[in-house]
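Chemist: Mind having a look at this structure? Questions to follow.
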Amino acid sequence: MTKNPLVTKESLNIPVVFNGQTVITTEMLASVYGTEPRRITENFNRNLDKFERDKHYILLQGNELKEFKDEYAGSVVAKTVNKLYLWTERGASRHCKILDTDKAWEQFDYLEEAYFKVKELSVVYIQDLITNVKGDFEALKSEIREEVAEMVRQGKENHRLSHKTKLDLNHIIHSYAVCEGDAEVLKQMTLAHFNASRWQDIAYDQKNEVIKFIRSTAKDMEMFVQESYLD
């Protein structure tokens, strides 16, 4: 005998869950048991003493119902419903006993294994998902660390270039200057011209402009020029 497929959230065989508990609506339960929703409701009303709230069923009203509708977006409950019964596994079992049909008994086994037990599988799936996300996060952190290390390395490299530039400029100034005093004067004139207080304040791409200024100023000061160094 062919079993009726479950009508589940978004038709993706994902159980309806409320507050972490797998539940099933009256319409879904009736479809699986091969009966009408009104029959489920009638049996419930006739056997109220056999059903315990929060054990066999959950009754949603007010804000809880609104939030449930928002979550399931009308896929398992109509927007016009003002109260909703959700049946737990025990509630579904109780309805099966009341109906007492071959179809209901056969389908309850199906419900138990293929619907209510899916929660256990879902926990495993979620744990695997968390593990995968953690792995991706660790990989991302590693990638970020590598990028930061590269940025630091480049920063250090730029600092070494700036230090080398400083040494080069000092060497050039001393090659033009006749004495140490002249070298200091030429250095201060150069720094002032480029609005800098130290060599590191001057951009590396201005190095050639700095050299030209030193050469021009040195000639004006009639300093000795070592053309061999500049070549």
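Chemist: State whether one or more residues within the stretch 8-22 are at negative phi, in a loop (DSSP other than H, G, I, E, B) and modelled with pLDDT of 85 or more. Can you show your working first?
Modeler: First pass over the stretch 8-22, keeping only residues at negative phi: 8-9, 12, 14-18, 21-22.
Now narrow it down to the ones that are in a loop (DSSP other than H, G, I, E, B): 8, 12, 15.
Among the residues that remain, those that are also modelled with pLDDT of 85 or more are: none.
The answer is no; no qualifying residue exists.
Chemist: Which condition number does F137 fail, the rest of (1) under 25 Å from the mean Cα position of the chain (by Cα); (2) at pLDDT 75 or above; (3) among the aromatic types (F, W, Y) being met?
Modeler: The number of the failed condition is (2).
Chemist: For the stretch 186-223, enumerate the residues that are in contact with a Phe, Trp or Tyr (Cβ under 7 Å, 6 or more places away or on another chain), farther than 14 Å from N170 by Cβ and either modelled with pLDDT under 75 or outside any helix (DSSP H, G or I) (or both).
Modeler: M223
Chemist: Same structure again: Exactly one of these conditions fails for K55: (1) among the charged types (D, E, K, R); (2) outside any helix (DSSP H, G or I); (3) without any contact (Cβ under 8 Å) to a residue 24 or more places away in the chain. Give me its number.
Modeler: Here K55 meets the rest and fails (3).
Chemist: Criterion first (at pLDDT below 80, surrounded by 10 or more Cβ atoms within 10 Å (Cβ to Cβ) and part of a helix (DSSP H, G or I)) does R145 satisfy it?
Modeler: Yes, satisfied.
The values are calculated or read from the model by the stated rules, or taken from the named source; none is laboratory data. The structure displayed is predicted, hence computed values, not measured ones. Backbone-built Cβ (ideal geometry, glycine too); neighbour counts: all protein chains shown.
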